[in-house]
Amino acid sequence: MFFLLDMERIVTLPPQHFGSGLRDVLHKQLVREVEGTCSGKHGYIVSVTKITDSGKGRVQVGTGKATFHMKYQCVAFRPFKGEVLDCVVTQITKLGFFADAGPFAIFVSSSLIPDDYEFTSGDQGPCFTSGDQDVAIVRNCEVRVKVVGIRVDATEIFGIGTIKEDYLGVLGGPDMS
Amino acid sequence: MPSEQEDPTEPSVEQDEWFLRMLEEELEDGDEEEGAVDLTGDGDQPKRDPPPGAPAPKLPAEAEGPSGEGGAPGQGPERLAGSTPTLDKVRGGAGGEQPGASRLGQTETVAGEVASTSAATSSKRVFKRPNRARKRKAVAEAGTPRPPSAAIPSLVMNDCPPVERAASVSDTCPPHPGFLRGLCIRCGELQPAEVAQGGGRDERQSTSLRYIHTDLEVNKEYVRELKHREASRLIAQKKLSLVFDLDHTLLNSSALKDITNADLPLLHEVVSREAKSKNQGPGCTSLFVLHHIQMWTKLRPFYRKLLEECSKLFDMHVYTMGERGYAMEMVRLLDPDKSFFGDHVVSKNDSTSNSVKDLDVLIGSEKSVLILDDSPKVWHRHRANVLEIERYHYFPSSLRHFGMKGKCLLERRNDESPDCGPLSSVLKILKAVHAEYFSRPDPEASDVREILKSKKRDVLIGCKLCFSRVIPKAEEKQERHPIWRLAEEFGAVCTRFLDGSVTHLVTTSEGTEKSITAAGMGIHVVRPDWVHASAYHFSRAAEERYGIRKEEKKMRTGEAEEAEDVEEGEIVSVDKVAAAAKAN
């Protein structure tokens, strides 16, 4: 799920940036520090949308650097248990397959793939093929997955997913995207 | 009241512990990254009079602090502290009021508001606790600010779903089939903490399949089921599993530092010859120098053909005792487009044991796995699955490593024959075993171990061996000697005594009593290498090539590896022979 969050952060800037372009540098610095990070609480920070307040700089004694207490708005992606996500298959093993929903990696084990799917290693590499040979889960294909479990670490989120329910499964092949 | 209390510019130390504790509690939800928390309250509060004799040590941080005149707290906002939220504790009315009723201005507090509220109070005091302030400062500088949760109302409930509450997706969980990063791969439940920590108990119940994923652990029961399923799948495809060793089986590597200056010209010669060679494409270059891992690597001749042929008949794996990084590099050389092995690469890091190779990590039934390795010893539990192959020694360091004398292939400017070297013999046997496995009416019931055993037994069938100067006489149980066992494994009958029924005398020296007698009786007198050569090639080697006389002659010229000499005689091109002669 995506959230629009108001967050705060203290950004430290070395003195060479003090000057007319300070705000620009400050904003870039914040974006660089924040975007793409992951915290267990808020999930992945996808994008900084607005900087509401970049605060006044306070010069640190000794270092000469200035610290800014910045307030900003950002889009965060936090996966939840029970959520249905579209993802791209990244790796297929005998035990199941790995798929990515953006930065979030999901593993779908063979016990959570419908029973008629079978693991085969054909010419295009390993894949899971349905009983009627109609659908194949191959690398880079899109699947709709429901998250059944999530492990939240300080800097990473990992999940287990299932496609063994109605309306879940392959959406399109690797070439359809 | 001491006069300094009246002076808001003079921060003093508040030592009332309860007060600080309360503040901390309130701060929990507020800013923790605060560099310098200014605590402003009115000094008229009798209960919170600072202890007498608590003067105001000036903190360095306070240098930037408010420096206005007495009773002018309104100047606070003008400080640079705009970047650091101020925590204002304002108490209206003198006396009477309990600290709990104080108002905690949070980070959002607008500076002007601070000004107005503080101006309302008759007098102001800045409380400061040096330790605390310094600690906070340290936290802030360590760069681990915690965003205040108050700012994210949508997430405050922190809907990190309590995992205990997770309804099991499947009725059969627990027992959990396996865990990936501590999550059950079937129901998504978190691994119970005691199991995750207590490694000992865990070890017995589950197997780490680290080569599939670093944090994958699978219950042994489930592994068994998987193996069974995988075996049936492969049998339906008419395939068996095949496990390759890397070093000395498919290739030979030598660290850069082990290559002497004398070897370098030889290596460069080979490299340039390969570069000039007309055949380009995968599998044509076999000598590589990998600077990033400090290695020279020579792939064994015929490896490409072997892999290509085997990929049709086998599900192939690599299992090496090398480090993961090294293993991946080698596999990249052998199989650049990952068409042969895919991700079936088991390295030392993935193995369940450090010194022994075991099939437990491999998804496949033991009845249908063949192993190609140069040292069967490491396969403790699976000796019967192993097809032993002659060690490939291309670099001098490799020979030295095994304590062998003689010249390696590089020094002899030679290589194994692509067409009748050990790998091509191996391919024949692999194909034969595969054919026999699937020729039976019920492949599910066949067992490669049985087939391999019977194939081995056919090699030296009808031979009766007697040993002379091979097995130390002092050895009580000659039957236990490796060569004795090897000969028997390959179908020969071994005896201690030379009599008319003996067909071969295996000896290291021409001059022993037994060998003289045997020569007189017209029995083949061969070197022990003959047994090994027969075993490696799965066919009875020609006795003449392993005659004892030849070896002694060879010994004089310093060449020990007879098996390869034989091939040299067969396949070496004319110019190489000339070069070798020149070298001698």
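The values are calculated or read from the model by the stated rules, or taken from the named source; none is laboratory data. Quick caveat: nothing in here was measured; it's all calculated off a predicted structure. Cβ: placed from backbone, ideal geometry, glycine included. Neighbour counts: every protein chain shown.
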Determine which single condition residue A:49 fails, assuming it passes every other condition in (1) more than 9 Å from chain B (Cβ to nearest Cβ); (2) surrounded by 15 or more Cβ atoms within 10 Å (Cβ to Cβ); (3) of a type in the set (Val, Ile, Thr).
(2)
How many of the residues making up the range A:1-40 are part of a loop (DSSP other than H, G, I, E, B), under 27 Å from the mean Cα position of the chain (by Cα) and either within 13 Å of chain B (Cβ to nearest Cβ) or exposed (fewer than 12 other Cβ atoms within 10 Å of the Cβ) (or both)?
3
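Each row is one residue, and each column tells you yes or no for (1) in contact with a helix residue (DSSP H, G or I) (Cβ under 6 Å, 6 or more places away or on another chain); (2) surrounded by fewer than 20 Cβ atoms within 10 Å (Cβ to Cβ); (3) assigned to a loop (DSSP other than H, G, I, E, B).
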position	(1), (2), (3)
B:398	no, no, no
B:413	yes, yes, yes
B:417	yes, yes, yes
B:420	no, yes, yes
B:435	no, yes, no
For residue A:88, state whether it is in contact with a strand residue (DSSP E or B) (Cβ under 7 Å, 6 or more places away or on another chain), within 30 Å of residue B:317 (Cβ to Cβ), part of a strand (DSSP E or B) and more than 10 Å from chain B (Cβ to nearest Cβ).
yes
Of the numbered conditions (1) within 8 Å of chain B (Cβ to nearest Cβ); (2) under 20 Å from residue A:155 (Cα atoms); (3) among the small types (Gly, Ala, Ser), residue A:57 fails exactly one; give the number of that condition.
(2)
Residues that are farther than 30 Å from residue A:166 by Cα, more than 10 Å from chain B (Cβ to nearest Cβ) and over 14 Å from the mean Cα position of the chain (by Cα): does the range A:60-69 have at least one?
yes
If a residue must be outside any strand (DSSP E or B) and farther than 20 Å from residue B:188 by Cα, how many such residues does the range A:145-177 contain?
5
Mind checking whether some residue in the range A:85-107 is within 30 Å of residue B:338 (Cβ to Cβ) and among the basic types (Lys, Arg)?
yes
Any idea which of B:473, B:453 is assigned to a loop (DSSP other than H, G, I, E, B) and surrounded by fewer than 18 Cβ atoms within 10 Å (Cβ to Cβ)?
B:473
Is there any pair with a first residue in the range A:135-164 that is at positive phi and a second that is surrounded by fewer than 23 Cβ atoms within 10 Å (Cβ to Cβ) and part of a strand (DSSP E or B) whose Cβ atoms are under 6 Å apart and which are 6 or more apart or on different chains, and what are they?
none
Taking the criterion of being within 14 Å of chain A (Cβ to nearest Cβ), assigned to a loop (DSSP other than H, G, I, E, B) and closer than 20 Å to residue B:228 by Cα, would at least one residue in the range B:364-384 satisfy it?
yes
Scan the range A:1-52 residue by residue and report those that are small (Gly, Ala, Ser) and touching a residue at least 60 places away in the same chain (Cβ under 8 Å).
A:36, A:39, A:40, A:43
Consider the range A:41-74. How many of its residues are out of contact with any strand residue (DSSP E or B) (no Cβ under 6 Å at 6 or more places or on another chain) and either in a helix (DSSP H, G or I) or of a type in the set (D, E, K, R) (or both)?
2
Looking only at the range A:91-135, and only at residues there that are at the interface with chain B (Cβ under 10 Å from one of its Cβ atoms) and among the aromatic types (Phe, Trp, Tyr), the one that is surrounded by the most Cβ atoms within 10 Å (Cβ to Cβ):
A:107
Selection from the range B:368-383 of residues that are among the small types (Gly, Ala, Ser) and either outside the structural domain of residue B:431 (by TED's automatic domain parsing) or buried (at least 24 other Cβ atoms within 10 Å of the Cβ) (or both):
B:368
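At least 2 residues that are within 26 Å of residue B:219 (Cα to Cα) and hydrophobic (A, V, I, L, M, F, W, C) in each: list the strands (runs of 3 or more DSSP E) lying fully within the range A:95-144 that qualify.
Passing ranges, in order: A:96-101, A:104-109, A:125-129.
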Qualifying position, being at pLDDT below 85 and crowded, with 21+ Cβ neighbours inside 10 Å, among B:365, B:339:
B:365
